[in-house]
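Dropping the structure in here first, questions after.
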Amino acid sequence: MGVEVELPRIEVEADAGVDGRAIPVDQVQRNVATDMADVFRDEPSVVIGGGTRNAQRIYLRGIEGSNLNISIDGARQGRNLHQHRGGIGGLDPDLLKRVEVITGPSADLGPGALGGAIRFETVDAQDLLQPGQQAGAILKAGYASADESDIGSASALGQTGPVGLLAHIFGANREDYRIGGGGEVPNSAGQDRTYFFKASVLDIDGHDLRLSAERHTNSGLYLYGRTGSDMGYPPEGAEPDYQIISRDTYTLDHRYRGTSPLLDWRVNLYANEGSLENRDRNSEVSSEEWGGSLRNTAIFQLGATESELTLGADYYSEDGISRSGDGSRRSNASSNLGLFAQERLRINRFLLSLGARYDDFSSDYGPTTFSGDRVSPNVGLEIELPAGFSTYAAYGEAVRGSGIIPVGWMANIDANTNINDGKPLQPELSFKREGGLRFSTNGLIRHDDQLNAELAFFNTRLENAIVRIGGGPGPVQKIGNSEDTLLSRGYEVRANWSWKALWTSLAFVSVDLTDEDGDPLGVVRRFGAPVGDRLVWDTNWSPREDVTLGYTLTAVDSVDDVPEGESERPGYTLHNIRAEWQPRMAEGLTLSLAVHNLFDRRYADQASLASSTTGVIDEPGRDIRLALSYQF
């Protein structure tokens, strides 16, 4: 999401199919975003729990991110390293060009997309340079009051012919953040650093080539183990450790769109390494992964039908490594080969989608290797109705064999570990159903306005999660398929209306998270979390060409239906305001102001884990953010 300073706007449109939508890039920038919680702040289907920055977990319709396919420029992000940490890691929001949240079934979402997929795409230098500009730079400085953070970044841009170069550095120093009404969350301070380079060779006889390298680190004094930063406020006497969480991602992406509609192919190769180093304990867990994908989309006609056929393959190999203070080193490997075909066939008012995905998977669990294969089908139908309406329905399946056990725990699986009570492990499965109604029209109130609305129903079922059974330090006593089946069922209502310089949207999401018997589920690490009904009303208005004002209301209902012995989670209402000014007398300058939690409400995210003795970590209180960026 590059800095918007008199730049060509990077347009992000909602996905037209049944499988998801995109996050508006310019909106994230106006929120003065600094982390993933800010990126998804206005998207009610996505919840970021955890409280402190180093403990954040992502949930999509109540399903935890370990069950999603999350990628950055096509590079799949691997398993958790220890407890919650790992996965997506940190990412500077200013680097993002596009963020897609994909909920519906499709064969081409990649491996392990049990609950859906989230795709991050970074900007090219060509997106940020002014028309005709061959070289430039962007400098940015910011401040956030809740954690007294100092934030700064610098980008160098260049273009010669079709070749664009982007070098970017980002840094943030944060103190322990203040919660609503006063008080601080201990051990929430830390430092973030991002180093990014990208070369983009675009539009050479239909060829696009992108190469990128990124390193992100987060460091600080954080709690570890069963008193980790995601387990409520620290108990008395808990001592933090100095920890460094890092992610290195390298990608190569080549796309060719030929003169023939039968040829639109894309090759993506990547290497991704994440690590969690505990300096005080002289230990480290890491994930080293490489992989890639190849796909081609052919468009052709057969009589009265229009066909879009995607054929492809993807592969990854991940090695989870754990190094202890005594010098011992253990590793567990996993891999997946996928072959997929997705046909989208239009016949007059009907759009039929048919697909299948074949996965051949293998995963080490200590001395035991679990392998298998499975075909996952999907089917969908969309029908255009009169008067701007359309209706759709879809069904799909997905499979995975790598489980949700963190790398740090995998290292403690040995020959004495009980593997599923001696029974063969079963692959993790998901079954998804989704359907709804859409409406789009112009001239509803004014002759040049636009309205889009959607009602969606969903039902996602996760089975056979491969988990650690029983806790405690030392060797893992047992792993196996969980007896709990997770059902995420609910509905979404969305509408947005725009007219000239005014844009407003309303979104309501209701998710019911239960087991197979209909009993409520609590917050379960790496699996799911119940969340209350969420309403987000967002409005932007530009009274002048160089000024944009905005307001967001977020209302969350309480979670009252909880498992026996667990506490109910209260609801809350938040108000956020923002303003952005690009003064005409100083071309290239952008001044941004955002106030999150305007009335300093004390609240905790319902997806955050709670401690039976110390409660749940609260979210930041009133947070006044200022940012100044200058492009030249």
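Given the options LEU437, LEU444, name the one that is touching a residue at least 40 places away in the same chain (Cβ under 8 Å), under 30 Å from GLY490 (Cα atoms), open to solvent by 30 Å² or more (accessible area, probe 1.4 Å) and in a loop (DSSP other than H, G, I, E, B).
Values: LEU437 fails: in a loop (DSSP other than H, G, I, E, B).
Among LEU437, LEU444, only LEU444 is touching a residue at least 40 places away in the same chain (Cβ under 8 Å), under 30 Å from GLY490 (Cα atoms), open to solvent by 30 Å² or more (accessible area, probe 1.4 Å) and in a loop (DSSP other than H, G, I, E, B).
Report whether or not LEU354 is free of Cβ contacts under 8 Å to residues at least 40 places away in the same chain, surrounded by fewer than 21 Cβ atoms within 10 Å (Cβ to Cβ) and part of a strand (DSSP E or B). Walk me through it before giving the result.
Values: free of Cβ contacts under 8 Å to residues at least 40 places away in the same chain: yes; surrounded by fewer than 21 Cβ atoms within 10 Å (Cβ to Cβ): yes; part of a strand (DSSP E or B): yes.
Yes: the conditions hold for LEU354.
Could you check how many residues of region 54-78 are of a type in the set (A, V, I, L, M) and open to solvent by 10 Å² or more (accessible area, probe 1.4 Å)?
Count: 3.
So which of ASP373, ASP364, ASP421, ASP359 ends up being of a type in the set (Asp, Glu), open to solvent by 70 Å² or more (accessible area, probe 1.4 Å) and within 26 Å of GLY65 (Cβ to Cβ)? Explain how you work it out, then say what you get.
On the way: ASP364 fails: open to solvent by 70 Å² or more (accessible area, probe 1.4 Å); ASP421 fails: within 26 Å of GLY65 (Cβ to Cβ); ASP359 fails: open to solvent by 70 Å² or more (accessible area, probe 1.4 Å).
Of ASP373, ASP364, ASP421, ASP359, the one residue that is of a type in the set (Asp, Glu), open to solvent by 70 Å² or more (accessible area, probe 1.4 Å) and within 26 Å of GLY65 (Cβ to Cβ) is ASP373.
Just need a number here: residues in region 514-542 that are more than 15 Å from GLU564 (Cα to Cα) and part of a strand (DSSP E or B).
Residues that pass the stated criteria total 10.
Filter region 293-308 down to the residues that are crowded, with 17+ Cβ neighbours inside 10 Å and without any contact (Cβ under 8 Å) to a residue 60 or more places away in the chain and list them by number. Outline the logic, then answer.
The first filter runs over region 293-308 and keeps only residues crowded, with 17+ Cβ neighbours inside 10 Å, leaving 293, 295, 297, 308.
Hits for region 293-308 are THR297, GLU308.
For ARG9, are the conditions met, namely being touching an Asp or Glu at 6+ places or on another chain (Cβ under 9 Å) and either modelled with pLDDT of 85 or more or open to solvent by 20 Å² or more (accessible area, probe 1.4 Å) (or both)?
On the way: touching an Asp or Glu at 6+ places or on another chain (Cβ under 9 Å): yes; either modelled with pLDDT of 85 or more or open to solvent by 20 Å² or more (accessible area, probe 1.4 Å) (or both): yes.
Against the criterion (touching an Asp or Glu at 6+ places or on another chain (Cβ under 9 Å) and either modelled with pLDDT of 85 or more or open to solvent by 20 Å² or more (accessible area, probe 1.4 Å) (or both)), ARG9 qualifies.
Based on this model, can you work out whether ARG21 counts as at pLDDT 75 or above, open to solvent by less than 20 Å² (accessible area, probe 1.4 Å) and basic (Lys, Arg)?
Values: at pLDDT 75 or above: yes; open to solvent by less than 20 Å² (accessible area, probe 1.4 Å): no; basic (Lys, Arg): yes.
Taking the combined requirement at face value, the residue does not satisfy it.
Pull up region 472-516, narrow it to residues that are over 21 Å from ILE445 (Cβ atoms) and among the small types (Gly, Ala, Ser), then point me to the one that is surrounded by the most Cβ atoms within 10 Å (Cβ to Cβ). Walk me through how you get there before you give the answer.
Taking region 472-516 as the starting set, the residues that turn out to be over 21 Å from ILE445 (Cβ atoms) are 472-492, 508-516.
Next, only the ones that are among the small types (Gly, Ala, Ser) stay: 472, 474, 480, 482, 488, 490, 510.
Values: GLY472: 8, GLY474: 6, GLY480: 22, SER482: 20, SER488: 24, GLY490: 19, SER510: 17.
This residue is SER488.
A further question on this structure: Given (1) at pLDDT 90 or above; (2) touching a Ser or Thr at 6+ places or on another chain (Cβ under 9 Å); (3) not charged (D, E, K, R), identify the lone condition not met by ALA604.
Of the numbered conditions (1) at pLDDT 90 or above; (2) touching a Ser or Thr at 6+ places or on another chain (Cβ under 9 Å); (3) not charged (D, E, K, R), the odd one out for ALA604 is (2).
Still on this structure: Can you pull out every residue in region 89-119 that is within 30 Å of GLY621 (Cβ to Cβ) and open to solvent by 10 Å² or more (accessible area, probe 1.4 Å)?
GLY89, GLY90, ASP94
LEU294 is checked against (1) in a loop (DSSP other than H, G, I, E, B); (2) within 24 Å of SER200 (Cα to Cα) and fails just one. What number does that condition carry?
It fails just one condition, (1).
Could you please let me know if LEU211 is out of contact with any Pro (no Cβ under 9 Å at 6 or more places or on another chain), more than 28 Å from PRO406 (Cβ to Cβ) and either hydroxyl-bearing (Ser, Thr, Tyr) or crowded, with 23+ Cβ neighbours inside 10 Å (or both)?
Details: out of contact with any Pro (no Cβ under 9 Å at 6 or more places or on another chain): yes; more than 28 Å from PRO406 (Cβ to Cβ): yes; either hydroxyl-bearing (Ser, Thr, Tyr) or crowded, with 23+ Cβ neighbours inside 10 Å (or both): no.
No: the conditions fail for LEU211.
Hey, can you tell me all the residues within region 129-154 that are touching a residue at least 40 places away in the same chain (Cβ under 8 Å), in a strand (DSSP E or B), open to solvent by less than 50 Å² (accessible area, probe 1.4 Å) and not β-branched (Val, Ile, Thr)?
The answer is GLY136, ALA137, LYS140, GLY142, ALA144, SER149, SER153.
Report, by residue number, each residue of region 171-186 that is among the charged types (D, E, K, R), open to solvent by 30 Å² or more (accessible area, probe 1.4 Å) and assigned to a strand (DSSP E or B).
Here is the first cut: in region 171-186, the residues among the charged types (D, E, K, R) are 174-176, 178, 184.
Those left that are additionally open to solvent by 30 Å² or more (accessible area, probe 1.4 Å): 175-176, 178, 184.
Once the filter is applied, which keeps residues that are among the charged types (D, E, K, R), open to solvent by 30 Å² or more (accessible area, probe 1.4 Å) and assigned to a strand (DSSP E or B), region 171-186 yields ARG178, GLU184.
Let me ask something else. Tell me yes or no: at least one residue of region 319-329 is assigned to a strand (DSSP E or B), out of contact with any helix residue (DSSP H, G or I) (no Cβ under 8 Å at 6 or more places or on another chain) and in contact (Cβ under 8 Å) with a residue 60 or more places away in the chain. Show your work before the answer.
Just the residues of region 319-329 that are assigned to a strand (DSSP E or B), to begin with: 319-323, 329.
Subset that is out of contact with any helix residue (DSSP H, G or I) (no Cβ under 8 Å at 6 or more places or on another chain): 319, 323, 329.
If we keep only those that are in contact (Cβ under 8 Å) with a residue 60 or more places away in the chain as well, we get none.
No, region 319-329 contains no residue that is assigned to a strand (DSSP E or B), out of contact with any helix residue (DSSP H, G or I) (no Cβ under 8 Å at 6 or more places or on another chain) and in contact (Cβ under 8 Å) with a residue 60 or more places away in the chain.
If I filter region 33-53 down to residues being open to solvent by 10 Å² or more (accessible area, probe 1.4 Å) and part of a helix (DSSP H, G or I), which single residue comes out as nearest to GLU184 (Cα to Cα)?
This residue is ARG53.
Name every residue in region 364-398 that is farther than 20 Å from LEU437 by Cβ, in contact (Cβ under 8 Å) with a residue 60 or more places away in the chain and out of contact with any Asp or Glu (no Cβ under 9 Å at 6 or more places or on another chain), in order of residue number.
If the condition is that a residue be farther than 20 Å from LEU437 by Cβ, in contact (Cβ under 8 Å) with a residue 60 or more places away in the chain and out of contact with any Asp or Glu (no Cβ under 9 Å at 6 or more places or on another chain), then TYR365, GLU397 are the ones that fit.
Can you find, within region 159-170, the residue that is farthest from the chain's Cα centre (by Cα) among those that are open to solvent by less than 20 Å² (accessible area, probe 1.4 Å) and not hydrophobic (A, V, I, L, M, F, W, C)?
GLY164
Which residue pairs have Cβ atoms closer than 8 Å, lie 6 or more positions apart in sequence or on different chains, and pair a first residue in region 179-196 that is at positive phi with a second residue that is small (Gly, Ala, Ser) and outside any strand (DSSP E or B)?
Close Cβ pairs satisfying both conditions: GLY181/GLY621; GLY182/GLY621; ASN187/SER229.
Scan region 268-286 residue by residue and report those that are farther than 15 Å from SER71 by Cα and either polar (S, T, N, Q) or in a strand (DSSP E or B) (or both). Even if it seems obvious, please write down each step before you answer.
In the first step, residues of region 268-286 are kept if they are farther than 15 Å from SER71 by Cα; the result is 275-286.
Passing the criteria: SER275, LEU276, GLU277, ASN278, ASN282, SER283, GLU284, VAL285, SER286.
For every residue, the table says whether it meets (1) touching a His at 6+ places or on another chain (Cβ under 9 Å); (2) at pLDDT 95 or above.
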residue: ARG255; (1), (2): yes, yes
residue: VAL267; (1), (2): yes, yes
residue: ALA271; (1), (2): no, yes
residue: LEU276; (1), (2): yes, no
residue: ASP326; (1), (2): no, no
residue: ASN336; (1), (2): no, yes
residue: GLU343; (1), (2): no, yes
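Also, quick follow-up: Filter region 459-495 for residues that are farther than 30 Å from SER324 by Cα and among the basic types (Lys, Arg) and give the result. If you could, list the steps in order and put the result at the bottom.
Within region 459-495, the first condition is being farther than 30 Å from SER324 by Cα, and the residues that meet it are 459-464, 483-495.
Passing the criteria: ARG461, ARG489, ARG494.
I'd like the residue in region 187-208 that is open to solvent by less than 30 Å² (accessible area, probe 1.4 Å) and under 22 Å from the mean Cα position of the chain (by Cα) and, out of all such residues, is farthest from TYR233 (Cα to Cα).
Checked region 187-208; the qualifying residue farthest from TYR233 (Cα to Cα) is LYS198.
Please go through region 568-585 and pick out each residue that is without any contact (Cβ under 8 Å) to a residue 24 or more places away in the chain and either more than 30 Å from SER611 (Cα to Cα) or buried (at least 19 other Cβ atoms within 10 Å of the Cβ) (or both). Walk me through how you get there before you give the answer.
In the first step, residues of region 568-585 are kept if they are without any contact (Cβ under 8 Å) to a residue 24 or more places away in the chain; the result is 568, 585.
Within region 568-585, MET585 is the sole residue that qualifies.
List the pairs whose first member sits in region 544-559 and is within 16 Å of GLU619 (Cβ to Cβ) and among the small types (Gly, Ala, Ser), whose second member is in a strand (DSSP E or B) and open to solvent by less than 40 Å² (accessible area, probe 1.4 Å), and whose Cβ atoms are under 6 Å apart, counting only residues at least 6 apart or on separate chains?
That search, which allows pairs on different chains as well, returns nothing.
Among the residues of region 450-471, which ones are surrounded by fewer than 17 Cβ atoms within 10 Å (Cβ to Cβ) and at pLDDT 95 or above? Walk me through it before giving the result.
Initially, region 450-471 is screened for residues surrounded by fewer than 17 Cβ atoms within 10 Å (Cβ to Cβ), giving 450, 452, 455, 457, 459, 469-471.
Hits for region 450-471 are GLN450, ASN452, LEU455, PHE457, ASN459.
The values are calculated or read from the model by the stated rules, or taken from the named source; none is laboratory data. Remember, it's a predicted structure, so these values are computed and weren't measured experimentally. Cβ sites come from the backbone with ideal geometry, for glycine too, and all protein chains shown count toward neighbours. In case anyone asks, the SASA skips ligands and DNA or RNA and just uses the protein heavy atoms, side chains included. Shrake-Rupley method; radii C 1.70, N 1.55, O 1.52, S 1.80 Å.
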